[in-house]
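Everything below concerns the one structure shown next.
The values are calculated or read from the model by the stated rules, or taken from the named source; none is laboratory data. It should be emphasised that the depicted structure is a prediction, and the values quoted were computed from it without experimental measurement. Counting neighbours? That spans all protein chains shown, and the Cβs are built from the backbone with ideal geometry, glycine included.
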Amino acid sequence: MDFAGFQKLRENLPERLKPVFTLGFYTGMRLGEIRNLKWDQVNFHERTIQLNTGETKNDEARIVPLNTETAMMLKMLQKRTDSVFVFGNGRPLGQFRKAWRTACVKSKLGMVTKHEDGAETYEGLIFHDLRRTGVRHLVCAGVSEQVAMAVSGHKTRSVFATILSRRLT
């Protein structure tokens, strides 16, 4: 996803999801990691997020750097809440599939096909696609592939290479 697509989609998302999307876009964090993120994992001084052992797909701890925009966004969010969770209003962030799809369709990043039996099928951008975008941002910013893999939590070079070789969406 390019920056124009990012801006368009963020514009069409509900307010509560804009920070979730922004964090995913810039960091490539998995939705489950974002969904359960707590304020004690955010270090504003170091501009990092600490994902602890057992909180990641491969159960390994890792540190995710924050750019200026994401750090400022999180700082503003923190001022507006007394929740232990960064997102989700007092508990882990719930599902937002319908809001995501609606915003993607409105942004021309997805489409819904309605079938004769009344069922609908969605094709388009899914939240997990932001992992690829986040990895590309790291590499384009000059971060070595080894460090980018450590930040994103990718274990094998082959999966990482596949991400980098796909066309930008």
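With Val112, Val105 as the choices, which residue is surrounded by 11 or more Cβ atoms within 10 Å (Cβ to Cβ) and without any contact (Cβ under 8 Å) to a residue 12 or more places away in the chain?
Val112
Quick one: count up the residues across the range 12-39 that are farther than 18 Å from Met76 by Cβ and either assigned to a helix (DSSP H, G or I) or small (Gly, Ala, Ser) (or both).
Of the residues in the range 12-39, the ones farther than 18 Å from Met76 by Cβ are 12, 28-33, 35-36.
Retained after the next criterion (residues that are either assigned to a helix (DSSP H, G or I) or small (Gly, Ala, Ser) (or both)): 12, 28, 31-33, 35.
Result for the range 12-39: 6.
I want to confirm something. Restricting to the range 18-40 and keeping residues that are more than 8 Å from the chain's Cα centre (by Cα) and closer than 9 Å to Leu93 by Cβ, which single residue is surrounded by the most Cβ atoms within 10 Å (Cβ to Cβ)?
Leu37
Quick one: what pairs do we get from the range 115-135, first residue surrounded by 15 or more Cβ atoms within 10 Å (Cβ to Cβ) and of a type in the set (D, E, K, R), second assigned to a loop (DSSP other than H, G, I, E, B) and modelled with pLDDT of 95 or more, C-beta under 7 Å, 6+ apart or different chains?
Once the first residue is surrounded by 15 or more Cβ atoms within 10 Å (Cβ to Cβ) and of a type in the set (D, E, K, R) and sits in the range 115-135, no partner that is assigned to a loop (DSSP other than H, G, I, E, B) and modelled with pLDDT of 95 or more comes close enough.
Just one of (1) without any contact (Cβ under 8 Å) to a residue 60 or more places away in the chain; (2) within 16 Å of Phe21 (Cα to Cα); (3) surrounded by 18 or more Cβ atoms within 10 Å (Cβ to Cβ) trips up Thr68, so point out which.
(3) is the only condition that Thr68 fails.
So, of the residues in the range 52-68 that are within 14 Å of the chain's Cα centre (by Cα) and not in a loop (DSSP other than H, G, I, E, B), which turns out to be farthest from Gly32 (Cα to Cα)?
Once the filter is applied, the top-ranked residue is Pro65.
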